[in-house]
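The values are calculated or read from the model by the stated rules, or taken from the named source; none is laboratory data. Values in this document were obtained by computation on a predicted structure and should not be read as measured data. Note that each Cβ is placed from the backbone with ideal geometry, even for glycine, and that neighbours are counted across all protein chains shown.
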Amino acid sequence: MPIFEYLCSHCNRIFSFLSLSLQPAREPVCPRCSSTGLTRVPSTFAVSRKREAPAARTQQHGDSDRDDAAMARLEHEVMQMASQLDEKDAEDPRIMARMMRRLAEASGEKVTPSMEEMFRRMEAGEDPEKLEEELGPQLDEEIGDEEGEGGMGAPTRDEGLYDL
């Protein structure tokens, strides 16, 4: 049975939902605040191997077709990157910066000025932990301003598993 992960923008929290189907019939509701309109996010532990071609779907799905296509591109990019890495690559800030750029590009995420500075400095070999300590508050502020959340920061992950 597939597990889908969704972000609640109100709680800024990622929740895992167990589905009886690869195409859930209903949208999830936040287990914490009961919000609807959660956003599906890429799972770090499961990737679908078989997807129906976007052209074969009916137009009744509208935005969900575009979301599914974007998710498929992102999943493909993550799998491709994972196949190209070995353990020592995770320690190289230059490789990490290239990967972060590719993920931002594949996801359509806007690269903020502080993110660009972090990427540039990592590509020059600077320590990512020191850069995060130095630039983290600026990154949180920029990301919060972009989302209109006033610096909400990275989402947290709920450890529960909920029915979809």
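Annotations for the structure displayed:
- Among residues of the stretch 22-36, those that are in contact (Cβ under 8 Å) with a residue 12 or more places away in the chain and either assigned to a strand (DSSP E or B) or more than 17 Å from Pro2 (Cα to Cα) (or both), counted: 5
- Among (1) modelled with pLDDT of 75 or more; (2) exposed (fewer than 13 other Cβ atoms within 10 Å of the Cβ), the one test that Cys30 misses: (2)
- Selection within the stretch 107-153: residues that are part of a helix (DSSP H, G or I) and of a type in the set (A, V, I, L, M). The member of this set that is modelled with the lowest pLDDT is Ile143.
- Cβ-Cβ contacts under 7 Å between residues 6 or more apart (or on different chains), taken from a first residue in the stretch 86-106 that is free of Cβ contacts under 8 Å to residues at least 12 places away in the same chain and assigned to a helix (DSSP H, G or I) to a second residue that is surrounded by fewer than 16 Cβ atoms within 10 Å (Cβ to Cβ) and not basic (Lys, Arg), are listed as Ile95/Asp89; Ala104/Val111.
- Considering (1) at pLDDT below 90; (2) not in a helix (DSSP H, G or I), the lone condition that Met71 does not fulfil carries the number (2).
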